[in-house]
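Asks: This is the structure, below, for whatever I ask next.
The values are calculated or read from the model by the stated rules, or taken from the named source; none is laboratory data. Note that the structure is a prediction, hence the values are computed from the model and not measured. All Cβ positions, even for glycine, are placed from backbone atoms using ideal geometry, and neighbour counts span all protein chains on display.
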C-alpha cells in the first residue's frame, strides 16, 4: 500500500514537499490557485526527479503531459487499477 497526503491547492503541495520526503505526486491538473504546468515546474524545481502522475478527468490533456514534466497520465475513474499501476511504475522499490 501507499501512504497518501492530500492537499487542496498547489501552494499546500509545495509546503508539504518542503517538509516531507515524497516519493511521487498524483496531481489533478486543474487545481485551484496553482495548477497545471506551472505547478509541475514548481514541484520539479524543489525536487528534480520527483515522479508526477497527472490524474484528471480531462482526457485531452494526455497528448501534452510529458512536455510538462509528468511521467504518467491517468484519466480519473472509480476503478483505481490504472492509477495503482502508474504508481508502481514510477516508484522504485525501496
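Asks: Restricting to strands (runs of 3 or more DSSP E) lying wholly in the stretch 20-94: which have 2 or more residues that are under 18 Å from residue 5 (Cα atoms)?
Replies: Ranges flagged: 25-27, 52-56.
Asks: Quick check on my filter: what residues within the stretch 11-49 are buried (at least 18 other Cβ atoms within 10 Å of the Cβ) and over 23 Å from residue 77 (Cβ atoms)?
Replies: Matches in the stretch 11-49: 17, 43.
Asks: Under the condition of being touching a strand residue (DSSP E or B) at 6+ places or on another chain (Cβ under 9 Å) and modelled with pLDDT of 90 or more, which residue from the stretch 24-46 is nearest to residue 90 (Cα to Cα)?
Replies: 24
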